Structures are given as C-alpha cells and as structure tokens.
1. For residues that are assigned to a strand (DSSP E or B) and within 20 Å of residue 55 (Cα to Cα), scanning just region 70-100, find the one that is nearest to the chain's Cα centre (by Cα).
2. If only one of 242, 294, 303 is of a type in the set (Lys, Arg), free of Cβ contacts under 8 Å to residues at least 40 places away in the same chain and either under 29 Å from residue 128 (Cβ atoms) or out of contact with any Gly (no Cβ under 9 Å at 6 or more places or on another chain) (or both), which one is it?
3. Looking for something outside any helix (DSSP H, G or I), crowded, with 21+ Cβ neighbours inside 10 Å and over 21 Å from the mean Cα position of the chain (by Cα) - is there at least one such residue anywhere in region 101-115?
4. Being out of contact with any Cys (no Cβ under 6 Å at 6 or more places or on another chain), of a type outside the set (Phe, Trp, Tyr), within 19 Å of residue 134 (Cβ to Cβ) and not in a loop (DSSP other than H, G, I, E, B) is the filter here, so list the residues in region 57-69 that pass it.
5. Among the residues of region 190-202, what is the count of those that are under 23 Å from residue 173 (Cβ atoms) and not in a helix (DSSP H, G or I)?
6. Anything in region 154-185 that is on the phi > 0 side of the Ramachandran plot, under 16 Å from the mean Cα position of the chain (by Cα) and assigned to a loop (DSSP other than H, G, I, E, B)? List them, or say none.
7. Pick from region 132-153 the residues that are part of a loop (DSSP other than H, G, I, E, B) and under 12 Å from the mean Cα position of the chain (by Cα): which of them is farthest from residue 4 (Cα to Cα)?
8. Return the residue satisfying two criteria in turn: it lies in region 84-100 and is among the aliphatic types (A, V, I, L, M) and either modelled with pLDDT of 85 or more or buried (at least 19 other Cβ atoms within 10 Å of the Cβ) (or both), and of such residues it is nearest to residue 247 (Cα to Cα).
Amino acid sequence: MIITVTLNPAIDHTLVLPKFVAGDTIRVKSVRSDPGGKGINVSRVIHELGGESLAMGFAPGGLGRYIEQTLNSQGIPCDFLHTKGEVRTNITILDESRHINTILSDPGPETDLKYVAELKTRLRKRLSPGDWLVIAGSIPPPLDATIYTDLIELATEMGAHTVLDADGAALAAGAAAHPEMLKGNRRELERLLGRHLDDEKSTLNGARQVHDSGVNQVVVTRGREGALAVADSQFLRGVAPRVRAVSAVGSGDAFLAGVVLTLSKGGDMKEALRLGIASGTASVLFPGTELCRRREVDILMPRVRVQPIEHPVAC
C-alpha cells in the first residue's frame, strides 16, 4: 500500500490568459480547479497510472470536505482529519504569450497541535511493514518542521518505506530523520545544502552528500534535463524526451508518483526513473494542475533514457 500525507491541502485554481499585463483588466480564456497539495497530487497520478494509494492528512472546512468527496468520486480512497479553518486556495496564472506561470500561494489555516496526535494514531492503524509512506508539501502554521521528523520516525519504526518531498526547514528536518528516499528539485537541494548546484557534476555531488548522511535513495529533478539519482551507491542519469511544455505545475509530483509506484511493485531505481520522468514530462503537456494522463505517459516511456554514471567525480 502507498499512503500519502498532505498536511496543507489546497484548491488549485488555474487561470489561462492570452497575455498577462499587470495593472490591467484581462479577460480570462479558461479556468480550471483541482484538489491540490503535493501528497494529494501524488495519489491522483498513482491512480491515473493504475496503482492504488490512500490519501491522508488534514482537510479543513467545507473545501476540505469537497477535496475528500472529489477524490472519493475519482476512486481514490481517503482518510483525512476534519480540522478547523478552511483549505487554502492557490492561484496559477498561465500567460500563453510567454509560456510563464505565476503562482499565488496561500500559507493555509492555523492548525491545532491536537490534530497531529490524532494523525499519528491513524497512521499507526493504517501502516504495515513494507508499505510506502509519502510525506510531501508544506506545513500549515503554527506547526513546525519537527512534525516531518516525527512522522518519518513513526513509519520507520513500523517497518514502512518513507519518502520525503518538501522544501526549506521541512526538508532539512525530515532529511535529518533519514527517510528511505528524499526527492527534490535542484533549487530545493541548493537550499538544503546551502550552496549553488550549477551543473550535473555539482548536483550529483550534492545528492551524494545527502545520501552519505543517511538517506538511502536521493532523487533530484532537473526540469527539461531529466533527473539524477543516487540509490544504493548506484549513480543514474535519466534524460527526458523533448516536448513542447505548457505548464510545469505539478510535474514534480507526477514524477514522484511514477517513481514510488514502480518501487512499491518491486522495480529498481532505473525502472522507477523511467516511469517518473515519463509521468513528469507528460504532466507539462497540460495547463495548470491538470496532471498527466496514462496515454501520454505510455507514449513517452520508450523515449526516456536512463543511464548509469560510471565514474562520478567526488566533491
């Protein structure tokens, strides 16, 4: 079983504009709304790829119920805590003339610490040895990053595989708990390590540094350049096929879904990178938070190249 945890879900609104001009009145070409939050997106893509997952976390207010009902109607089982406040709203503005996305992100409602204890209780009931727990996204105020440390330690004690996808303090605190896998993009890894990663060599060395600190599998996405992985002392380069991108929003979540789904079925990291890159690439073909579709993923899979890096240069 794959379980995803989203502590700070969202309703993602995408506004497609012919051209964005600050200070002007602009006619919107199209609007799309989706349940959002990184863990929820991972569950959505796993379902699209034919896998099964359980979406857990917090679901504040009426919009939280809406997210829950929407996922259930799509065949994605949920076990959310109904908390106070209201689910945040994120707005993505897609400027078609320049192919630029502008994202307005709400921090989310304040969440009482008592809900954390209840979430841990539910996870203990749900998790079994060998399950995969994906902890992803931001943390609602006033909770701090130690919640990710606690959840990773809880799942590890229960024999589950743990996967972390976060940024900033949440990524640093979670990484210190030694999840089995850490997934990030190049910018997130730069913030974690406190230095620039300008090319493949420096990015690979950064991933190896995190791996050597106690994280067994480190995967770094690099946009159009694909992804790098350090896993079980193996170094891999995944090269993405060239496509005409519409929006990169959610592509990292689609990538992670493909990786985790493959590993949960007993595949190796080479296979996982191939499905992850195909899923992430398929996601950029669609506007806003409309995630990948299985048809496009299947078409792209044969075009993804995954290669071993035989002699990586040390730091």
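1. 90
2. None of the other options fit; the residue is 242.
3. Checking region 101-115: at least one residue is outside any helix (DSSP H, G or I), crowded, with 21+ Cβ neighbours inside 10 Å and over 21 Å from the mean Cα position of the chain (by Cα).
4. 57, 67
5. Qualifying residue count, region 190-202: 4.
6. Selection gives nothing.
7. 138
8. 94
The values are calculated or read from the model by the stated rules, or taken from the named source; none is laboratory data. Model, not experiment: these values are computed from the prediction. A quick note on method: Cβ atoms are made from the backbone with ideal geometry, for glycine too, and the neighbour counts reach across all protein chains shown.
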